[in-house]
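Contents: one structure, followed by commentary.
The values are calculated or read from the model by the stated rules, or taken from the named source; none is laboratory data. This structure is a prediction, so every number in the text was calculated from the model and none was measured. Ideal geometry is used to build each Cβ from the backbone, glycine not excepted, and the neighbour counts take in all protein chains shown.
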Amino acid sequence: MNMSLKEGDNIYIERFKSEDIDFYCYKHFNDLIGFPTQVFLIRNDIVYVTHPTLDVVPLSDNCVDYEVLEDVDLGYHRDLKDNLNTLKKMGVKRVPKKLIGNTFGKNIREQEEEVEDKNQWLLDLINDLNNGDVDEEFLNNFIGGWERFISIVTKKGLLHLIDPFSSEVENYQNQLFWAFKQNDPSFVWKIVDRYLSDVTKIGDEYYVDLNDISDLADFYEKDRDLSRETIGNILSGEHDWDPFYDVTDNVYRDCYDELDSEYQTVIKQRMTTELLAMKTIDVTYNTPDLFEEIAQEQGNEDEVVLSGEIISRILADDDSVEYLINQEMDDIRNDLYSLYSGCYSSAWFDEAYEKVMNPLIGFVIDDNEFQDYKYTKQVWDKEGKRVTKDAYARRYIATKCIYETVNDWLYEYRNSTHSTDTIEYYGTYKGILNQLCYEGGRDYLRTPNLPDWADSSDVEKCINQSFGDYF
């Protein structure tokens, strides 16, 4: 026994002397390793020290290594015993020597009534953490680990004193971000403002900036039948393909007959001009009955002599108009076909656009309304020099989707300490959403079924609206 010790001395139990210790040594000091204690009594050359649950235990030089603490007040035996017991119940595994003074300066139960004093040890620990003086091993030994530390700090209302963006705590950033978000849901926007370069705040709303709307196709699953490239082309409207080879074999039925009467009149005026220029028209086996009837009236069998009166009579007959448009008047037929084909494709692509855009609403963006914006980018000129050029792009409102995505990402990776599992690593809203879909809690959108044909009502509406572009 170290006879230099005297009653009232404070000592710090460092470690067991060896791994091969007897039963009583382990039982007496296992709960004191890494903690301070006090010489309570010396009787018959045996030193008894304070224990958190056994009251006092005999100190043996063959059992543990210890260090005498100078200028430290651990309080009286009962206070020290209560403090040690409280710390053990809190899950603290080791108290660093530099924190002993603040931790044991007063009875922990008394400290509950004095806020500044009771939190001083925790404030010191937070300060050390912000300064990079605390590592994971330290937290594990002293307070039972990082999660335990965050729980205590949050319960004490001191979480705000930690700088979650500090490089000193980057290994715990995800856990910190999640704790901060749970404590203050608006913390999500601090993360957005700091890290997501493709998000712009305008007023109270947040927008995702897209250099190309086709980028949204990345959030669809890969499909052999409908590629992301095709979806991107539909979204951008810059497709150079047409899914239909021939949209009609009867432009009279599908186009002319669906035109408003005023536009049909325009067509008939143009037909009148062409018929007058033709002067006659042959009568064949497939011409309408009216043609043969007029020819017989004129005393002819093979042709009809065209006059203003005869033309009016012909154009009043639907079968005759259909025949002329489909068989005789190539220019009018081609213009009607171009009108119908363009509207058919437009109506199909409009519906296809809705098919691929609608699932994105509520998943990536809040609404399909957008704003155009200008930005500058570096390009190579003809001489091989880097020059600045203005470019234009779109941004979509996405406040709700951005918040939900960041929240889901924080939850998904809250316990990860991998260097690539940080929002800063991805740096964009689209990046973290893509990562969530790739290996996180989100699924890529299923590819939609594109329409088999264009909606006839949309085509009819289009040909009447676009008629003036062709006639």
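Here is a yes/no grid of residues against (1) acidic (Asp, Glu); (2) more than 53 Å from the chain's Cα centre (by Cα):
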| site | (1), (2) |
| --- | --- |
| 42 | no, yes |
| 53 | no, no |
| 73 | yes, yes |
| 81 | no, no |
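Which one of these is in contact (Cβ under 8 Å) with a residue 40 or more places away in the chain, crowded, with 17+ Cβ neighbours inside 10 Å and not in a helix (DSSP H, G or I): 281, 332, 267, 325?
281
State yes or no: is residue 42 in a strand (DSSP E or B) and under 22 Å from residue 143 (Cβ atoms)?
Working: in a strand (DSSP E or B): yes; under 22 Å from residue 143 (Cβ atoms): no.
Against the criterion (in a strand (DSSP E or B) and under 22 Å from residue 143 (Cβ atoms)), residue 42 does not qualify.
For residues in the stretch 364-401 being more than 26 Å from residue 353 (Cα to Cα) and of a type in the set (A, V, I, L, M), which is modelled with the highest pLDDT?
Going through the qualifying residues, I end up with 387.
Is it true that some residue in the stretch 372-382 is among the polar types (S, T, N, Q), free of Cβ contacts under 8 Å to residues at least 24 places away in the same chain and either assigned to a strand (DSSP E or B) or under 24 Å from residue 200 (Cβ atoms) (or both)?
yes
Would a scan of the stretch 170-189 turn up a residue that is surrounded by 15 or more Cβ atoms within 10 Å (Cβ to Cβ) and of a type in the set (Asp, Glu)?
Yes, some residue in the stretch 170-189 is surrounded by 15 or more Cβ atoms within 10 Å (Cβ to Cβ) and of a type in the set (Asp, Glu).
Being in contact with a Cys (Cβ under 6 Å, 6 or more places away or on another chain), at pLDDT 95 or above and not small (Gly, Ala, Ser): is that true of residue 336 here?
Yes.
Looking at the stretch 89-105 only, could you name the residues that are charged (D, E, K, R) and part of a loop (DSSP other than H, G, I, E, B)?
Answer for the stretch 89-105, where residues must be charged (D, E, K, R) and part of a loop (DSSP other than H, G, I, E, B): 93, 94.
Taking residue 209 and the conditions (1) over 19 Å from residue 437 (Cβ atoms); (2) surrounded by 15 or more Cβ atoms within 10 Å (Cβ to Cβ); (3) more than 16 Å from the chain's Cα centre (by Cα), which numbered condition does it fall short on, given that it satisfies the others?
The single condition residue 209 does not satisfy is (3).
Going residue by residue through the stretch 414-427, is there one that turns out to be aliphatic (A, V, I, L, M) and more than 12 Å from the chain's Cα centre (by Cα)? Don't jump to the end; show me each part of the working.
Pass one, the stretch 414-427, residues aliphatic (A, V, I, L, M): 423.
Keeping just the survivors that are more than 12 Å from the chain's Cα centre (by Cα) gives none.
No, the conditions are met nowhere in the stretch 414-427.
Collect the residues in the stretch 118-151 that are surrounded by fewer than 17 Cβ atoms within 10 Å (Cβ to Cβ) and of a type in the set (A, V, I, L, M, F, W, C), keeping them in residue-number order.
123, 138
Identify, from the list 62, 44, the residue that is free of Cβ contacts under 8 Å to residues at least 40 places away in the same chain, over 17 Å from residue 97 (Cα atoms) and exposed (fewer than 13 other Cβ atoms within 10 Å of the Cβ).
Exactly one residue qualifies, and that residue is 44.
Among (1) touching a strand residue (DSSP E or B) at 6+ places or on another chain (Cβ under 6 Å); (2) over 13 Å from residue 80 (Cβ atoms); (3) part of a strand (DSSP E or B), which single condition is residue 33 missing?
(3)
Do we find that residue 402 is over 21 Å from residue 438 (Cα atoms), touching a helix residue (DSSP H, G or I) at 6+ places or on another chain (Cβ under 8 Å) and not hydroxyl-bearing (Ser, Thr, Tyr) in this structure?
Criteria not met by residue 402.
Identify the residue in the stretch 284-311 that is among the β-branched types (Val, Ile, Thr) and assigned to a helix (DSSP H, G or I) and, among all such residues, is nearest to residue 331 (Cα to Cα).
Filtering first and then ranking leaves 311.
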